[in-house]
Amino acid sequence: MIEIPVVDASNQELRRVEVQETIFGQEIRKDIVARMVNYQLAARRGGNASTKRRSEVSGGGKKPYRQKGTGNARQGTARAPQFRTGGIVFGPLPHSYEQKLPKKVRRMALQVALTAKLQAGELIIVESFGLTEIKTKAAKMIIEALGVERSGLIVLPESDQVLELSIRNLPGIDVMRVEGVNVYDLLAHEKVVMTAEALNRLQERLA
């Protein structure tokens, strides 16, 4: 049984909540996490680089010059790659960099990342932020009270416009809904702040 403290906006413990060991008690598998990060980064690549092959460049409808008597090597078309306006040999073409990774492995990687955050003391569960108006100063005070110094990822159960607008000008702080929680963003931030309701929904998602 694993228990996590739930704090208020001033970082005072209110209660403790039990979490599932299958999610927050995983063995730390760096290989699984590395595969998942590579999977995510590969999916983000655009793959838009493109060059024209010799069949795609313009011109080259006739021989550049006659076959013999010029002292030059014989040439059949100006589209050949040795010409300045010719086609590109083995140049990049648009394609997808996406990799295949089983759903079971992806789920395990997310569970390992959450376990690592919990074991490192970088996972904070807050009852609620208690913001009633859009105010960056108030949001900054709450973030600092929760122990987030350089970077933090705030996980919410649903969209909260007041909180999102209050935080958007704070450097290094990002807001995400439970549905978007992923391994790369968890590891890219120093601290992860999650509401109690978001924790429940995340456990339902990974159960």
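The values are calculated or read from the model by the stated rules, or taken from the named source; none is laboratory data. The model shown is predicted, which means the values in this text are computed figures rather than measured ones. Here the Cβ positions follow ideal geometry from the backbone for every residue, glycine too, while neighbour counts run over all protein chains shown.
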Next on the checklist: Quick check on the range 95-105. Is at least one of its residues under 24 Å from the mean Cα position of the chain (by Cα), assigned to a loop (DSSP other than H, G, I, E, B) and surrounded by 20 or more Cβ atoms within 10 Å (Cβ to Cβ)?
Outcome noted: no
Checklist entry - Among the candidates G60, G121, which residue alone is at pLDDT below 95, part of a loop (DSSP other than H, G, I, E, B) and farther than 30 Å from I4 by Cβ? => result G60
Checklist entry - Of all residues in the range 1-24 being closer than 23 Å to G147 by Cβ, out of contact with any Asp or Glu (no Cβ under 9 Å at 6 or more places or on another chain) and in contact (Cβ under 8 Å) with a residue 24 or more places away in the chain, which is surrounded by the fewest Cβ atoms within 10 Å (Cβ to Cβ)? => result S10
Checklist outcome for this item: G147 meets each of (1) in contact (Cβ under 8 Å) with a residue 60 or more places away in the chain; (2) among the small types (G, A, S); (3) touching a strand residue (DSSP E or B) at 6+ places or on another chain (Cβ under 7 Å); (4) surrounded by fewer than 15 Cβ atoms within 10 Å (Cβ to Cβ) with one exception, condition (4)
Next on the checklist: Criterion first (surrounded by 15 or more Cβ atoms within 10 Å (Cβ to Cβ) and under 30 Å from L187 (Cα atoms)) does L41 satisfy it?
Outcome noted: no
Next on the checklist: Any residue in the range 109-123 that is basic (K, R) sitting within a Cβ distance under 8 Å of a residue that is buried (at least 20 other Cβ atoms within 10 Å of the Cβ)? List the pairs, counting only those 6 or more apart or interchain.
Outcome noted: K117/L123; K117/L186; K117/V192
Next on the checklist: Among the residues in the range 44-57, are any touching a Lys or Arg at 6+ places or on another chain (Cβ under 7 Å), modelled with pLDDT under 95, surrounded by 12 or more Cβ atoms within 10 Å (Cβ to Cβ) and not in a helix (DSSP H, G or I)?
Outcome noted: yes
